[in-house]
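Trainee: Before I ask anything, let me first share the structure, which is written out below as structure tokens.
The values are calculated or read from the model by the stated rules, or taken from the named source; none is laboratory data. Predicted model only: the values in this text are computed from it and were never measured. Note that each Cβ is placed from the backbone with ideal geometry, even for glycine, and that neighbours are counted across all protein chains shown. Accessible surface areas use protein heavy atoms only, side chains included; no ligands, DNA or RNA. Shrake-Rupley method; radii C 1.70, N 1.55, O 1.52, S 1.80 Å.
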Amino acid sequence: MKVGLYFGTFNPIHVGHLIIANHIVENSDLDQLWMVVTPHNPLKKKSGLLADYHRLQMVHLATEDYDKIIPSDIEFKLPQPNYTINTLAHLQEKFPQHQFSLIMGEDNLKSLKKWKNYELILNDYHLYVYPRISIDEVPEEFVNHPNIHQVNAPIIELSSTFIRNSIKDQKNIKPMLDAKVWEYIDHNLFYRK
């Protein structure tokens with residue numbers, strides 16, 4: 001089975017994540033897309049991150065109506081902070097029957113050289129890259145790389161940071177979240193301060 005891995009803190013998961021995930025799994029050769037909830041991105045500060053369990057629960061709620069999109073807590077069991085290359089090695093060992101690929105925004109592709117063992121990732125895995133609005137250019141060696149596939153997905157300029165700040169400012173952001181995710185956030189009073 002071909003499995004795309006879409007990593008994120010999903011703090012919280014929003015409709016932009018779902019639009020991208022669904023578009024890629026429905027318009028590529030992938031059989032499934034796993035939304036891998038990241039406990040702590042080594043390139044990001046940890047402050048303001050909801051507990052792992054809550055972020056995973058929101059991903060479950062948001063994806064329960066999507067047969068091909070699967071929540072994953074695989075990184076919860078790995079030493080922290082974790083790196084993508086370690087997760088990929090762990091997944092290949094645990095699921096040797098699957099062929100894994102990475103899903104990433106063009107902004108992440110532009111910073112790929114900062115990733116641990118990025119050359120190994122590029123050699124051994126396919127990358128499905130969706131467009132993002134950003135100013136930097138994609139490094140030349142990534143432009144026509146055989147393992148990098150540009151996906152003509154909708155450009156979604158919506159961020160979890162914007163949603164958290166909007167909730168804190170008591171704005172109505174219900175259209176930006178799956179209804180069950182909004183109820184979960186509202187019930188638990190998340191992101192209020």
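Trainee: Would you mind calculating the relative contact order of region 104-193 from Cα pairs under 8 angstrom and at least 6 residues apart, reporting the percent as a whole number?
Mentor: 24 percent
Trainee: Now a separate question. Calculate the spin-label point distance for K94 paired with K116, positioning each point 7 Å from the Cα along the beta-carbon direction, and give it in nanometres.
Mentor: For K116 paired with K94, the spin-label model returns 1.6 nm.
Trainee: Using each residue's phi in region 52-65, evaluate 6.51 cos²θ - 1.76 cosθ + 1.60 at θ = phi - 60° and report the 3J(HN,Hα) Karplus result to the nearest Hz, with x for Gly and Pro.
Mentor: Values, residue by residue: 3, 4, 5, 5, 5, 4, 5, 5, 4, 4, 5, 10, 5, 9 Hz.
Trainee: What figure, in Å² to the nearest 10, do you get for the accessible area of M58 with a 1.4 Å probe and non-protein molecules left out?
Mentor: Ignoring ligands and nucleic acids, M58 comes out at about 0 Å².
Trainee: When all protein chains stay in place, what accessible area (Å², nearest 10, 1.4 Å probe) is found for I20?
Mentor: About 10 Å², ignoring ligands and nucleic acids.
Trainee: For region 56-129 and region 159-193, what is the separation of their Cα centres, given in Å?
Mentor: Between the Cα centres of region 56-129 and region 159-193 lies a distance of 26 Å.
Trainee: A further question follows. Kindly state, to the nearest 0.05, the FRET efficiency for N172 paired with Y53, given R0 = 30 Å and r defined as their beta-carbon distance.
Mentor: 0.65
Trainee: Among P139, A62, H126, whose Cα sits farthest toward the positive end of the charge dipole of the chain (+1 at Cβ of Lys/Arg, -1 at Cβ of Asp/Glu, about the Cα centre)?
Mentor: Going by the charge dipole, the pick is A62.
Trainee: Can you give me the long-range amide H partners of I70? Hydrogens built in the peptide plane at 1.01 Å from N, cutoff under 5 Å, separation of 5 or more residues or another chain.
Mentor: Under 5 Å from the amide H of I70 lie the amide H atoms of L33, W34, M35, each far enough along the sequence or on another chain.
Trainee: While we're on this one: Please list, in order along region 139-147, the HN-Hα scalar couplings obtained from phi with the Karplus expression 6.51 cos²θ - 1.76 cosθ + 1.60 (θ = phi - 60°), rounded to whole Hz, x for Gly and Pro.
Mentor: Each residue of region 139-147 in turn: x, 3, 5, 8, 4, 10, 5, x, 9 Hz.
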